[in-house]
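Step one of this worksheet: look at the structure below.
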């Protein structure tokens, strides 16, 4: 077969384009593989959560939606139980009322992730698929929150990778009854100033405006209900 100059040039160009496309795919791969992280800033310090969308895709997408909306800004860590959990992200720090939420997310507690110390889960009521915005951090291993063949558990969707000392400090703050909370609420308010997505350098990532939550009547069953 006779190879003309034109054919040779075309073949060389095709080879170069193939190499360049491979380099682009390779360079994009690390960004796709990078773990998604958020920083929770409170009046007692900050902690960073690594999210696990590969294990809890619906729950992570739900949580990130609220983060992008700025939903968690000026909300309370309203529940602290020593040697159990800290919980928050649903009550306004201004008037202590529950904020409007999106539709609840399907329970993903069967994803194989366990409620170990430092893991982050989605709070819910008695109904298994009632979780929406509130989240909790396990202060200790809490196997009673994991699913069993006879009942649903509580979905773990992340873990604290920085600032667990802050979480522990919140976990021993004095609690009691205050305002609408009958028990287990910090007597000195613990406020979530903001929750923000982080980029690869650990800096706050610029997020596009997200739609505002459609008001839904908040459930009164917003506490973690443990078999303990």
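Read-outs: derived from the displayed coordinates by stated rules, not from any lab. Model, not experiment: these values are computed from the prediction. Ideal geometry is used to build each Cβ from the backbone, glycine not excepted, and the neighbour counts take in all protein chains shown.
Could you give the length gained on full extension between residue 201 and residue 114, defined as 0.36 nm per residue of separation minus the Cα-Cα distance, in nm? Intermediate results must be reported in sequence, preceding the final value.
On the way: separation 87, 0.36 × 87 = 31.32 nm, distance 2.85 nm.
Length gained between residue 201 and residue 114: 28.5 nm.
Ranking of 92, 73, 41 by neighbouring Cβ atoms within 10 Å, starting from the fewest: 92, 73, 41.
Return 188, 116 ranked ascending by Cβ neighbour count within 10 Å, so the fewest neighbours appear first. All intermediate terms of the calculation are to be shown ahead of the outcome.
Values: 188 11, 116 14.
Result, fewest neighbours first: 188, 116.
When each of 196, 108, 69, 126 is scored by the number of other beta-carbon atoms lying within 10 Å, the sequence from fewest to most is 126, 69, 196, 108. Here the mean projected area of the convex hull built on the C-alpha positions of segment 35-198 is 8.6 nm². Note on segment 34-124: Kirkwood radius taken over Cα pairs, Stokes-Einstein applied at 10 °C and 1.306 mPa s, translational D equal to 111 µm² s⁻¹.
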